[in-house]
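Below is one structure; the comments refer to it alone.
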Amino acid sequence: MTDKNFDVVVVGGGPGGYVAAIRSAQLGMKAAVVEREHLGGICLNWGCIPTKALLRSSEIYHLMENAEAFGLEPVKPKFDIEKVVKRSRQVAKQLSQGIGHLMKKNKITVLEGTGKLKGPGKLAVEKDGKTEEIAAKHIILATGARARELPHLKADGELVWTYKHAMTPKTMPKSVLVIGSGAIGIEFASFYRDMGADVTVVEMLDRILPVEDADVSAHAEKAFKKQGMKILTSAQVKELKKAKTSVTAIVEKKDGKTEEIKVERVILAIGITGNVEGLGLEEAGVKVEKGHVVTDEWGFTGVKDIYAIGDLTGAPWLAHKASHEGVICVEKIAGLKDVHPLDKSNIPGCTYCRPQVASVGLTEAAAKEKGYDVKVGKFPFIGNGKAIALGDPDGFIKTVFDAKTGELLGAHMIGAEVTELIQGYAIARTLETTEAELMHTVFPHPTLSEMMHESVLDAYGRALHF
């Protein structure tokens, strides 16, 4: 490479990194991305996108198994796990190549290799034992995160899996134990259950999907158990005993008693930790706490011209959060005047299990803990014509308002396609909308979105259809 001087160099080509590079280019800065594997990062290659492709296959398989309910001739569907995985990988590959085109379109230099800070304004890029040094006025670290392991819970890729292994099974296991019931754990539990595996979920806390509203967690557990999942809450896996083709988990329950659960495969979903190693952070003086880089609201690390964004900087570990942080960070670097820090309470979260789960803002319990006098509305899917027509009448939408001001404090959903609906409430919160504007909004009929209107009305004793 002839030119080794840039305005902005981003280390990591995931949803935070590549978006930061694009925004830099849009603002007239000369940008480069350093990526050691694939453009698009974990989200696009091993996370958000390929898992949704897998879940689409399991959703269709479930519908085929229940064709008779729709007046169709009953069928006995079969699946080829190799083809299911192949489609998932092709979807990821297509989108990764799309990121490459975006880099070319925006005249962004892509450097393959591993980046390391080498003093003020300098970065070493190493690949295949060869190292070249580049200069940058601003360096943005966006190296993401990886699955967390514990000393007694380590993946081997054969019997004990991380999300990567669970995404590319060579054969379909007959039984699976999922350790952890956050979004990642529950999505895999849902996929493998719908594909016919016996699934057990173990959660250390007292409810599954613990970051969600308690009503959503309770409804989800009921729905999953009805599907045949076994769920153990307030329980911990103390040991994994491996045999040739199976694993026996020693699970300690709340009462101190233990249970042995024998399965073919174990999936670890016990959280993630930032990729902070090998970046030269300590030498540069960049502060790291609990496996994540510490920054201010603009992504600034406190060390001159070094920034960090996305999963590397901690929760919430979401692709859309990383992308938004990338834009804010770059706009602040460029000196734009109308830049606003990211309000994390306005970031929607989505879990693509069956039924889907989505939320934004405060849960009812969190709102009360903060001292709000709340008004809560709730509307069930069974009261919605579109949900019944779809054959998906299970679920509800819940809204939480400040009784004094009418501010929408939070919204929580479980049911078909709620991951597509939640953005309506995310926009409402960003616009600082009150219940009045939401009540005056006309929602189209027949749609699932009508339930959003009804839930708002219900909070004020005005629900029309239930």
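The values are calculated or read from the model by the stated rules, or taken from the named source; none is laboratory data. What you are looking at is a predicted structure, and each value in this text was computed from that prediction instead of being measured. Note: ideal-geometry Cβ built from the backbone for every residue, glycine included; neighbour counts use all protein chains shown. Accessible surface is based on the protein model in full, side chains and every heavy atom, while ligands, DNA and RNA are left aside. Shrake-Rupley method; radii C 1.70, N 1.55, O 1.52, S 1.80 Å.
Close amide-amide hydrogen proximity is noted between Leu111 and Val33, Val34, Glu35, each under 5 Å apart and 5 or more residues distant or on a separate chain (H modeled in the peptide plane; Pro and chain starts excluded). Taking only protein heavy atoms and a 1.4 Å probe, the accessible area of the chain is 52% carbon and sulfur. With equal scatterers on the alpha carbons only and no solvent term, can you work out the Debye log10 of I(q)/I(0) for the stretch 36-108 at 0.18, 0.21, 0.25 1/Å? These q points yield log10 I(q)/I(0) values of -0.74, -0.87, -1.05. Calculated accessible area for the stretch 54-193 comes out at 56 Å² per residue, all protein chains present (probe 1.4 Å; ligands, DNA, RNA ignored).
Computing FRET efficiency as 1/(1 + (r/R0)^6) for Glu59 and Ala403, where r is the C-beta to C-beta distance and R0 is 25 Å, gives about 0.05. Its residues counted as N, the stretch 138-228 yields a C-alpha radius of gyration over 2.2 N^0.38 Å of 1.23. Stokes-Einstein diffusion for the chain, with the hydrodynamic radius set to the Kirkwood value over Cα pairs and evaluated at 20 °C in a medium of 1.002 mPa s, equals 90 µm²/s.
Using a simple spin-label model with pseudo-atoms 7 Å out from Cα toward Cβ, Glu277 and Thr245 lie 3.4 nm apart.
Measuring against 20 Å, Cα to Cα, the residue pairs Lys225/Lys378; Lys226/Lys254; Lys174/Lys262 contain Lys225/Lys378; Lys226/Lys254 as the ones spanning a longer distance. Heavy-atom accessible area, probed at 1.4 angstrom with all protein chains present, ranks Trp317, Trp46 as Trp317, Trp46, highest first. Taking the Cα atoms of the stretch 392-466, the ratio Rg/Rh between the radius of gyration and the Kirkwood radius comes to 0.93.
Mean residue ellipticity at 222 nm, helices only, the chain: -9500 deg cm²/dmol; runs of at least 4 DSSP H residues each add -39,500 (n - 2.57), and the sum is divided by the number of residues. Distance between the 7 Å Cα→Cβ label points at Asn5 and Lys304: 1.7 nm. Residues within the reach of a label modelled at Lys230 (point 7 angstrom out along Cα to beta-carbon, backbone nitrogen below 18 Å), restricted to the stretch 201-221, are 201-204, 208, 221.
Our coupling estimate for the stretch 159-170, obtained by passing each phi through the Karplus curve with A = 6.51, B = -1.76, C = 1.60 and θ = phi - 60°, is 9, 10, 10, 9, 4, 4, 5, 5, 7, 10, x, 6 Hz, Gly and Pro reported as x.
Rg ratio for the stretch 53-191: its Cα radius of gyration over 2.2 N^0.38 Å, N being its residue count, equals 1.49. The charge dipole of the chain, taken about its Cα centre with unit charges on the Cβ atoms of Lys, Arg (+1), Asp and Glu (-1) only, comes to about 1240 debye.
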